[in-house]
Amino acid sequence: MSVPGDCEKISPTISKVGNKWTVLTILILSEGPKRYNQMRREIESISQRMLTVTLRGLERDGLVSRRVIADRNPVAVEYSLTELGRTLIPTLFALCHWSASNTDLIEQNQRRFDGIEDDGDGGTSSSPQLETDA
């Protein structure tokens, strides 16, 4: 199986789309347009600066649109996914589903791996031993 496209060219896009804040922001906006503070409440662990940077980057890439509602006092700003941004929803939901289904197994593998220590000469000593395919 080969990577579709030029790796060097697609790497920045994959890096941006795969960023946890991008994923969470797009999934929150998949429910419909949201105001900034509403998104901030829904993505509890995101800082104000990071949400601003994420939204600006997504707007620059054409994945999110920003609408100023001037007839309100104070002026309101609403964010929504563009047509291009909406194309990511199925892929990101699949990624979240895969993550939720495999988190326990990944954590188990990490604990097993972290139990292995380098013995200094390129070999490993561990407790417990990992099984290998022979």
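The values are calculated or read from the model by the stated rules, or taken from the named source; none is laboratory data. Just so it is clear, the structure is predicted and the values come from calculations on it, not from any experiment. Glycine gets a Cβ as well: all are built from the backbone with ideal geometry, and neighbour counts include every protein chain shown. Protein only, heavy atoms only, side chains kept; ligands, DNA and RNA dropped before computing areas. Shrake-Rupley method; radii C 1.70, N 1.55, O 1.52, S 1.80 Å.
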Considering only segment 74-89, I want to know if a residue exists there that is open to solvent by 50 Å² or more (accessible area, probe 1.4 Å) and at pLDDT below 90.
yes
Considering only segment 7-34, state which residues are among the β-branched types (V, I, T), closer than 14 Å to L88 by Cα and open to solvent by less than 70 Å² (accessible area, probe 1.4 Å).
V17, T22, V23, T25, I26, I28
Quick check on E107: is it out of contact with any Lys or Arg (no Cβ under 7 Å at 6 or more places or on another chain), more than 22 Å from M39 (Cα to Cα) and not hydroxyl-bearing (S, T, Y)?
yes
Scanning segment 39-52 for residues that are within 16 Å of V77 (Cβ to Cβ) and open to solvent by less than 70 Å² (accessible area, probe 1.4 Å) gives M39, L51, T52
Kindly evaluate I69 against the criterion of being open to solvent by less than 30 Å² (accessible area, probe 1.4 Å) and without any contact (Cβ under 8 Å) to a residue 12 or more places away in the chain.
yes
